[in-house]
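The block underneath contains the structure these notes are about, expressed in structure tokens.
The values are calculated or read from the model by the stated rules, or taken from the named source; none is laboratory data. Since the structure is predicted, the reported quantities are computational estimates derived from the model, not experimental observations. Cβ sites come from the backbone with ideal geometry, for glycine too, and all protein chains shown count toward neighbours.
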Amino acid sequence: MALIDVHHLTKQFIVRTDWLGRPRTVLTAVHDVSLTIHSGETVGLVGESGCGKSTFARTVLGLYKKTSGTVLFKGKDVENPDTADAFHRQVQMIFQDPYASLDPRMTVEDIIGEPLRNYGICSSPSQLRQRVAQLLDEVDLTREAAQRYPHEFSGGQRQRVGIARALALEPDCIFCDEPISALDVSVQVQIVNMLQRLQKERNLAYLFIAHDLAMVHHLSRRIGVMYLGRLVELGDGDAVYHRPLHPYTQALIAAVPVPDPHCRRQVCLSGEVPSPLDPPAGCVFHPRCPLADERCRSEVPALRDMGAGRMAACHHAGKEAL
């Protein structure tokens, strides 16, 4: 049984209403996405900016109210009040911006201790201080950091505080929303290594959201690729990275930097991502796809099973596009 099982999740935002308050312009940020996360595994989610990765994660967690679909936690609907409390306690989130995700008016001890106080886990102030100190040890920060404020830390140290806060309630799963994108490269490596260590020690599951497909491949057992709110490919991490089926995935992998100044690459994709307010008919990727034909312009491809646990939403899945 999956730890988290998302079925046909859709999230729409009402951009404009008429004078009666009825929706006039609707933006579909996440369209019919299904995804499972098992205990102890890392599922990577990649795609260009604005493709709906973060919106998907926030909708699953309930930070955004879903438009339709079902989210199951250990086989039970999270909208059930008995399940909702366990779900919100056992699934935590690390946010992208370590500068904005921490309250500047609170000390590190208050920030990390807030979930512990909310759930009544520590019975006394001394017990809470001890628990905060243990969490700081786990994320490689000194215990003296507990009495300092967020502005006194570097970006990498702030993100460690955010990770400690996410660990406070002993979660089963953590959603990592681009947790390293705002950090220096050397710090990114430290944070990734720490996340891997914590996963082994705690048997954590991760949903790891990022732009860097090479980093996602390094971390993830399975990889999902999103484009314009839709899941276009899903499968084993090695298979997706080395044998991509969807032309968009092929383009993302072809764009991964190579440390060779003599390596020249042709531009893989032309044009811009279409507006989600006015998506193209048929396959949403067809205006930029080198394999697009008349069928692609008129018929929406379903996310279909390609065998060996691979899924792709493309009429020409598996053909060499680039």
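Where strands (runs of 3 or more DSSP E) sit wholly within region 1-56, those with at least 3 residues that are surrounded by fewer than 16 Cβ atoms within 10 Å (Cβ to Cβ) occupy 4-17, 23-37. Taken as a whole, region 123-135 holds at least one residue that is more than 21 Å from GLN190 (Cα to Cα), of a type in the set (S, T, N, Q), modelled with pLDDT under 95 and part of a loop (DSSP other than H, G, I, E, B).
Answer yes or no as to whether ILE174 is in contact with a helix residue (DSSP H, G or I) (Cβ under 8 Å, 6 or more places away or on another chain), crowded, with 16+ Cβ neighbours inside 10 Å and either assigned to a helix (DSSP H, G or I) or at pLDDT below 95 (or both). Quick ask: steps written out before the conclusion?
Working: in contact with a helix residue (DSSP H, G or I) (Cβ under 8 Å, 6 or more places away or on another chain): yes; crowded, with 16+ Cβ neighbours inside 10 Å: yes; either assigned to a helix (DSSP H, G or I) or at pLDDT below 95 (or both): no.
No, not satisfied.
With respect to the conditions (1) over 20 Å from the mean Cα position of the chain (by Cα); (2) outside any loop (DSSP other than H, G, I, E, B); (3) of a type outside the set (S, T, N, Q), VAL284 falls short on a single one, namely (2).
Looking only at residues of region 263-322 that are of a type in the set (Val, Ile, Thr) and either farther than 17 Å from GLU233 by Cβ or crowded, with 19+ Cβ neighbours inside 10 Å (or both), we find that the one that is modelled with the highest pLDDT is VAL284. For region 183-242, the set of residues classified as surrounded by fewer than 21 Cβ atoms within 10 Å (Cβ to Cβ) and on the phi > 0 side of the Ramachandran plot consists of ASN203 only.
Filter region 88-117 down to the residues that are crowded, with 17+ Cβ neighbours inside 10 Å, within 30 Å of LEU27 (Cα to Cα) and either of a type in the set (A, V, I, L, M) or at pLDDT 95 or above (or both) and list them by number. Result: VAL91, GLN92, MET93, ILE94, LEU102.
Looking at GLN159, GLN190, just one residue is in a helix (DSSP H, G or I), under 18 Å from SER54 (Cα atoms) and in contact with a helix residue (DSSP H, G or I) (Cβ under 8 Å, 6 or more places away or on another chain), and that residue is GLN159.
If a residue has to be over 17 Å from MET226 (Cα atoms) and among the hydrophobic types (A, V, I, L, M, F, W, C) to count, how many in region 289-305 make the cut?
Restricting attention to region 289-305, the residues satisfying the condition of being over 17 Å from MET226 (Cα atoms) are 290-299.
With among the hydrophobic types (A, V, I, L, M, F, W, C) added as a condition, the list becomes 291-292, 296.
Residues flagged as over 17 Å from MET226 (Cα atoms) and among the hydrophobic types (A, V, I, L, M, F, W, C) within region 289-305 amount to 3.
Of all the numbered requirements in (1) in a loop (DSSP other than H, G, I, E, B); (2) under 27 Å from ASP140 (Cβ atoms), LYS66 misses one, and that requirement is (2). Scanning region 67-104 for residues that are under 23 Å from ASN203 (Cα atoms), of a type in the set (S, T, N, Q) and within 19 Å of the chain's Cα centre (by Cα) returns GLN90, GLN92, GLN96. Hey, GLN130 hits all of (1) exposed (fewer than 14 other Cβ atoms within 10 Å of the Cβ); (2) over 26 Å from SER39 (Cβ atoms); (3) in contact with a helix residue (DSSP H, G or I) (Cβ under 9 Å, 6 or more places away or on another chain) but one; which does it fall short on? Going through the list (1) exposed (fewer than 14 other Cβ atoms within 10 Å of the Cβ); (2) over 26 Å from SER39 (Cβ atoms); (3) in contact with a helix residue (DSSP H, G or I) (Cβ under 9 Å, 6 or more places away or on another chain), GLN130 breaks only (3). Applying the criterion of being within 14 Å of the chain's Cα centre (by Cα) and of a type in the set (Phe, Trp, Tyr) to the residues of region 189-247, the residue that is farthest from CYS296 (Cα to Cα) is TYR206.
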